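Presented below is the structure to which this report refers.
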Amino acid sequence: MYMADKTKITLNLDKSIVERIRAELSGGETLSGVVEKSLANISRGLFLDRVASALTLKQVVLSSREILATRGRGLKAEDVVREIRDKA
């Protein structure tokens, strides 16, 4: 992650939640880092919600299995690349 201007904030969190998160942290990870990553994910989600709404797109959460099952079977990339190379 790039270094950006940081803002110091104070949070009041449930003690048991903080203890569980700290117990799961691996070396070098900090609670501040976990909170920052979580807020960044929320921010991205809110941005995507606004984009989807503006484009009137339906949002659906799919598992990786569902994605693979519904993914279209189209052109193979290697065939497309070969065709482009042959034309050049």
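Report yes if some residue within segment 24-38 is among the hydrophobic types (A, V, I, L, M, F, W, C), in a helix (DSSP H, G or I) and without any contact (Cβ under 8 Å) to a residue 24 or more places away in the chain; otherwise report no. Yes, segment 24-38 has at least one match.
Report the residue count in segment 60-88 for those that are surrounded by 10 or more Cβ atoms within 10 Å (Cβ to Cβ) and not in a helix (DSSP H, G or I). Explain how you work it out, then say what you get.
Of the residues in segment 60-88, the ones surrounded by 10 or more Cβ atoms within 10 Å (Cβ to Cβ) are 62, 66, 80-83.
From what's left, not in a helix (DSSP H, G or I): 62.
So the count comes out to 1.
One residue alone among GLU24, GLU36 is of a type in the set (Asp, Glu) and surrounded by 10 or more Cβ atoms within 10 Å (Cβ to Cβ), and that residue is GLU36.
Using the structure shown, decide if LEU48 is out of contact with any strand residue (DSSP E or B) (no Cβ under 6 Å at 6 or more places or on another chain), part of a helix (DSSP H, G or I) and aliphatic (A, V, I, L, M). When the stated conditions are applied, LEU48 passes them.
Read-outs throughout are calculated quantities, based only on the coordinates presented, and are distinct from any laboratory measurement. Everything quoted here is computed from the prediction, not taken from an experiment. Reconstructed Cβ throughout: ideal geometry from the backbone, glycine too, with neighbour counts over all protein chains shown.
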